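Everything on this sheet refers to the single structure shown next.
The values are calculated or read from the model by the stated rules, or taken from the named source; none is laboratory data. Here the structure is a predicted model, which is why all the values come from computation and not from measurement. Cβ: placed from backbone, ideal geometry, glycine included. Neighbour counts: every protein chain shown.
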Amino acid sequence: MIKPNDMAEEVTLFKTWSSAFALRVVWALQLKGVQYKSVLEDISDKSELLLHYNPVYKKVPVLLHQGRPISESLIILEYVDETWNQYPLLPQDPYARAMVRFWAKFGDDKIMPSIWTAFISEGKEQEAALAEASEHLQKLEEQLEGRKFFGGDNIGYLDIALGWLANLLRVFEDISSLKVVDGERFPLLFAWLREFSDAPIIKDCWPPHDKLIPKFIALRQVYRAKSST
Ligand SMILES: N[C@@H](CCC(=O)N[C@@H](CS)C(=O)NCC(=O)O)C(=O)O
């Protein structure tokens with residue numbers, strides 16, 4: 001077992017093979033070329049170390065740097081950006097920084113739940129969730145006006161924060177025949193999904209698609225069973 005003292009000078013990331021939140025941190029560390037060690041967690045049987053380092057939320061990701069833990073993926077991204085200056089993720093201008101953080105939070109608070117509900121529901125509930133997701137995605141579409149990435153010419157903090165869309169939409173669409181990002185309705189977002197997915201480093205870190213499919217089929221069944229009781 002890894003003991004806290006063994007990690008004093010190192011960068012260690014507690015993650016699972018599939019966590020879209022942990023993937024944000026993986027991408028950020030890789031883009032910056034920071035060497036790190038991964039500890040693979042099993043969410044159904046969390047390690048004592050994970051519970052020790054994230055006693056509040058008990059979730060991955062946790063980044064351990066010089067023996068000190070940081071949790072919550074968006075906060076970890078900021079820490080990584082402030083600690084390693086190469087390949088800046090956040091813009092320099094304070095207003096631009098605030099806006100990027102705003103849209104990242106919007107992604108987690110609004111887009112994620114609506115797309116998740118569309119994925120696990122059926123009929124009228126699914127239609128309503130899809131309509132809500134589309135309304136939110138329209139706002140992201142506007143953010144991409146005149147840009148290849150949310151970060152401009154390069155992948156930045158917001159691209160990483162929204163990267164789960166590129167990771168999971170294809171899985172959800174393959175499983176449920178949902179079409180969330182339509183190329184005609186959201187041409188910029190559609191192009192972004194492709195550019196982001198194909199970018200070196202991003203592409204190299206994808207969890208295997210054929211392993212995600214059965215995982216999310218099973219998860220959807222669990223959530224559907226819960227909502228029908
Ligand atoms: N808001 C958190 C979400 C992290 C999260 O939900 N992680 C999941 C794995 S994808 C987890 O550890 N779940 C364990 C649990 O809920 O007990 C973040 O951004 O880091």
Residues in the range 60-70 that are touching a residue at least 60 places away in the same chain (Cβ under 8 Å) and either within 12 Å of the ligand (Cβ to nearest atom) or within 13 Å of Thr16 (Cα to Cα) (or both): how many? 0
Which number in (1) modelled with pLDDT under 95; (2) surrounded by 13 or more Cβ atoms within 10 Å (Cβ to Cβ); (3) assigned to a loop (DSSP other than H, G, I, E, B) marks the one condition that Tyr223 misses? (3)
Among (1) within 16 Å of the ligand (Cβ to nearest atom); (2) closer than 30 Å to Lys37 by Cα; (3) buried (at least 16 other Cβ atoms within 10 Å of the Cβ), where does His52 come up short? (3)
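Please work out which residue is farthest from the chain's Cα centre (by Cα), limiting yourself to the range 8-49 and to residues that are more than 16 Å from the ligand (Cβ to nearest atom) and among the charged types (D, E, K, R). Step through it out loud before you land on a result.
The first filter runs over the range 8-49 and keeps only residues more than 16 Å from the ligand (Cβ to nearest atom), leaving 8-11, 30-37.
Retained after the next criterion (residues that are among the charged types (D, E, K, R)): 9-10, 32, 37.
Values: Glu9: 27, Glu10: 24, Lys32: 17, Lys37: 19 Å.
The residue in question is Glu9.
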Restricted to the range 88-102 and to residues being assigned to a loop (DSSP other than H, G, I, E, B) and surrounded by fewer than 17 Cβ atoms within 10 Å (Cβ to Cβ), the residue nearest to the ligand (Cβ to nearest atom) is Pro88
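Among the candidates Leu74, Leu23, single out the residue that is aliphatic (A, V, I, L, M) and surrounded by 21 or more Cβ atoms within 10 Å (Cβ to Cβ). If you could, list the steps in order and put the result at the bottom.
Numbers: Leu74 fails: surrounded by 21 or more Cβ atoms within 10 Å (Cβ to Cβ).
After applying the criteria, what remains is Leu23.
One line per residue, one yes/no per condition, for (1) under 24 Å from Val25 (Cβ atoms); (2) modelled with pLDDT under 95:
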site	(1), (2)
Leu137	no, no
Leu140	yes, no
Arg147	yes, no
Leu165	yes, no
Ser176	no, yes
Pro214	no, no
Thr229	no, yes
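Every residue, every condition in (1) closer than 19 Å to Leu162 by Cα; (2) assigned to a loop (DSSP other than H, G, I, E, B); (3) in contact (Cβ under 8 Å) with a residue 40 or more places away in the chain, yes or no:
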position: Phe14; (1), (2), (3): no, no, yes
position: Val26; (1), (2), (3): yes, no, yes
position: Ser44; (1), (2), (3): no, no, no
position: Lys58; (1), (2), (3): no, yes, no
Can you pull out the residues in the range 71-86 that are away from the ligand (no atom under 16 Å from the Cβ) and either part of a helix (DSSP H, G or I) or touching a residue at least 60 places away in the same chain (Cβ under 8 Å) (or both)? Glu82, Thr83
